[in-house]
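Encoded as structure tokens, the structure appears first; notes follow it.
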Amino acid sequence: VNPAVPRWVPRLLRLLGPSVIRTDAATRAGHAGDAWHAAHTPDVVALPRRAAQVQALVRFCQRHRIPLTPRGSGRGYVGGCVPVHAGVSLSLARMNRILEVDADDYVAVVEPGVITGDLQRAVAARGLFYPPDPASLEESSIGGNIATNAGGPRCLKYGVTRNYVLGLDIVLPNGDLVRTGGRTHKNKLGFNLGDLFTGSEGMLGIVTQATLRLLPQPPARSVVVATFGTATAAAAAVQAVLRAGFLPSAMEVADAFTLAAARRYTRHTPPGNAFLLVELDGQPASVRGEAATVSALLKKARALRVLKAVTPAAIEKLWSMRRDFSYSLRATGLLKMNQDIVVPRGLLVDVFRLAARLRRDHHINVSAFGHAGDGNIHVNLMFPADDDGKPHIRRAVDDLFRSVLALGGTITGEHGTGLARKPWWNEATSPELRRLHHTLKNALDPRGILNPGKFLGG
Ligand SMILES: Cc1cc2nc3c(=O)[nH]c(=O)nc-3n(C[C@H](O)[C@H](O)[C@H](O)COP(=O)(O)OP(=O)(O)OC[C@H]3O[C@@H](n4cnc5c(N)ncnc54)[C@H](O)[C@@H]3O)c2cc1C
């Protein structure tokens with residue numbers, strides 16, 4: 001008997017078999033971490049193909065009080081799927097079938113391991129549209145997107161993942177399988193329990209199937225890019241576009257540091273100290289008209305340069321400028337600590353001022369870019385690898401979060417709380433709100449087996 005192998009492992013192997021339960025070192029190591037830096041190796045990895053296997057696993061873990069941590073693709077940014085107390089890493093990656101795409105009901109029924117980009121392509125082939133577009137969409141799973149309530153540039157017009165969840169099959173910590181909602185686009189039967197599980201970071205239940213809302217695919221898109229002399233001018237331009245009655249499908253901004261890095265990386269970036277990308281979608285004639293009006297509006301708002309694209313190739317070229325920001329920042333050779341803070345929409349310019357102050361006060365490089373329309377800006381602290389873990393980095397993050405909370409904002413708009421934001425959880429919430437979280441958690445998972453050790457402790 002190997003003392004390093006917990007006594008329950010052979011029993012679990014007998015229950016679900018070696019095709020579901022993996023104990024080899026390589027598989028376990030491959031399920032230790034996500035895109036953040038924390039990692040902990042689980043005792044075993046479970047790779048079920050059916051909800052019934054998930055239920056059997058949950059009941060086993062419940063009986064033996066074994067920590068059970070759900071995992072989608074492991075591309076989270078906050079350590080949410082890290083099995084901090086070891087036990088079982090429950091990967092939903094093999095439950096990856098698109099069960100149905102219905103062009104009359106405008107729904108898709110999917111298993112949780114489906115990759116978001118695959119679903120978008122499958123529904124687009126039927127003239128349908130699944131809008132949530134996290135930048136990780138080619139890797140992250142629908143189950144992970146639901147558990148983190150993922151968002152992306154299109155949130156401004158289309159909302160976040162939550163707005164597309166019509167129904168969920170959830171395995172509760174006691175092993176029951178409940179179905180919330182269904183395939184109707186409206187449903188007011190009882191509490192909105194689907195909303196409770198969406199964004200619950202794998203701590204209240206396990207998503208084993210989802211019925212998702214689809215929209216008609218907008219037939220045309222157009223993109224306008226403008227650069228400005230100052231971040232204040234770019235922020236004013238964002239307000240001008242909205243005030244003129246436009247609801248773009250995306251509005252992305254970037255600050256001077258990001259633009260300077262982009263210019264070193266590629267020659268395509270136009271001159272200026274602030275960048276704004278506006279995407280419009282809809283019917284071809286109206287999109288062309290709106291793009292012309294928005295271009296004129298941005299010029300009037302003191303843009304230094306305005307570029308407009310209406311063909312797919314030209315649109316792709318303008319979007320690639322925005323996508324290049326991440327690569328350009330990586331090419332600086334500095335580490336990038338990505339924070340996804342949100343402020344009330346009207347305070348966009350305060351975020352850029354805050355980034356500049358952090359730069360000065362903490363002697364650290366800061367790049368700010370992101371979703372202007374939502375006030376959700378990625379404030380990236382950039383520092384040499386040698387500085388990782390040093391006190392001035394932690395002080396800069398403390399300062400950033402405290403300042404954002406003082407502005408009436410929140411410390412995470414997309415990535416979630418998980419492990420990464422655990423140190424700030426108390427400061428960002430009231431005692432009453434924390435108590436309510438614990439009440440819900442204890443009601444569903446009194447033994448605390450499901451994804452323990454995250455922001456609720458346990
Ligand atoms: C390059 C990059 C870009 C990113 N861009 C964005 C972005 O634009 N917007 C955004 O919102 N996020 C973004 N992220 C963060 C991340 O991709 C999202 O949080 C995504 O939803 C994680 O999905 P996943 O399948 O990788 O989940 P994991 O990382 O595997 O898990 C995330 C959380 O969900 C839980 N979970 C996973 N599957 C289930 C399930 N079936 N049932 C219950 N709980 C489950 C886990 O326990 C964990 O708490 C980005 C990450 C990277 C690496």
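No value in this document is a laboratory result; all are computed from the given coordinates. Bear in mind that the values here come from a model prediction, so they are computed numbers and not experimental data. Glycine also receives a Cβ, built like all others from the backbone with ideal geometry; neighbour counts cover every protein chain displayed.
Seen against the Cα atoms of the chain and their longest principal axis, helix 284-300 is set at about 60 degrees.
Place a +1 charge on the Cβ of each Lys and Arg in the range 135-266 and a -1 charge on the Cβ of each Asp and Glu, then give the dipole magnitude about the Cα centre in debye, rounded to the nearest 20. Could the numbers behind the result be given before it?
On the way: 12 positive and 8 negative charges, 110 e Å.
So the magnitude is around 540 debye.
Centre-to-centre separation between the Cα atoms of the range 437-458 and those of the range 1-38: 23 Å.
For the range 407-458, what is the convex hull volume of the alpha-carbon atoms per residue, in Å³?
Details: hull volume 4.6 nm³, N = 52.
Here the figure is 89 Å³ per residue.
Sorted on the mean count of surrounding Cβ atoms within 10 Å across their residues, most packed first, peptides 310-317, 296-303 read 296-303, 310-317. With the charge dipole of the chain set up from +1 on Lys and Arg Cβ and -1 on Asp and Glu Cβ about the Cα centre, the Cα lying farthest toward the positive end among the listed residues 142, 12, 425 is that of 425.
For the chain, what is the charge dipole size about the Cα centre, in debye to the nearest 20, if Lys and Arg each add +1 at the Cβ and Asp and Glu each add -1 at the Cβ? Show your work: numbers first, answer last.
On the way: 56 positive and 36 negative charges, 40 e Å.
Here the chain has a charge dipole of around 180 debye.
Per residue of the chain, the DSSP helices (runs of n ≥ 4 H) give a summed -39500 (n - 2.57) that works out to -10500 deg cm²/dmol at 222 nm.
Calculate how many DSSP beta bridges within the range 1-144 are antiparallel, expressed in % of all such bridges and rounded to the nearest 5.
On the way: 8 of 15 bridges.
DSSP beta bridges in the range 1-144 are roughly 55 percent antiparallel.
Express as a percent, rounded to the nearest 5, the fraction of DSSP beta bridges in the chain (both residues included) that run antiparallel. Here the share of antiparallel DSSP bridges comes out near 90 percent.
With the biggest extent put first, the Cα atoms of the range 265-350 measure 44, 32, 25 Å across the principal axes.
Ordering 87, 106, 120 by Cα displacement along the dipole of the range 84-126 toward the positive end leaves 87 in first place; charges were set at the Cβ atoms of Lys, Arg (+1) and Asp, Glu (-1). Taking one quarter of the surface of the C-alpha convex hull of the range 30-176 gives a mean projected area of 8.9 nm².
Filter 299/336; 188/422; 157/186 down to the pairs with a C-alpha to C-alpha distance above 23 Å, please.
Result: 299/336; 188/422 exceed 23 Å.
What you get for the range 252-403, charging only the Cβ of Lys and Arg (+1) and of Asp and Glu (-1), is a dipole of about 580 debye around the Cα centre.
With respect to the chain, whose longest principal axis is taken over its alpha-carbon atoms, helix 51-64 is tilted by about 60°.
With Cα atoms as the point set, the chain shows a radius of gyration and Dmax of 22.9, 76 Å. Comparing 266, 328, 355 along the charge dipole axis of the chain, the residue lying farthest to the positive side is 355, per the Cβ-charge model. Annotation: the antiparallel percentage among DSSP beta bridges lying fully within the range 61-110 is about 50.
Angle of helix 348-362 to the longest C-alpha principal axis of the chain, folded into 0 to 90 degrees and rounded to 10: 80°.
Across the range 1-56 the C-alpha pair distances fall into 5 Å bins from zero in the proportions 4, 18, 24, 24, 18, 9, 3 percent.
For the range 144-235, count the residues as N, evaluate 2.2 N^0.38 Å, and divide the Cα radius of gyration by that value, please. All intermediate terms of the calculation are to be shown ahead of the outcome.
Details: Rg = 17.7 Å, N = 92, 2.2 N^0.38 = 12.3 Å.
Output field value: 1.44.
Protection proxy ranking of 365-373, 396-404, 421-429, by the mean of other Cβ atoms within 10 Å over each peptide's residues and highest first, is 365-373, 396-404, 421-429.
Most tightly packed first, judged by the mean number of other beta-carbon atoms within 10 Å of their residues, the peptides 203-209, 345-351, 383-389, 191-197 read 203-209, 345-351, 191-197, 383-389.
I'd like the Kirkwood hydrodynamic radius of the range 341-429, using the inverse of the mean 1/r over distinct C-alpha pairs, in Å.
On the way: mean 1/r = 0.0752 Å⁻¹.
One decimal place: 13.3 Å for the Kirkwood radius.
Global size of the range 41-85: 11.3, 31 Å for Rg and Dmax (C-alpha atoms, Rg to one decimal, Dmax whole).
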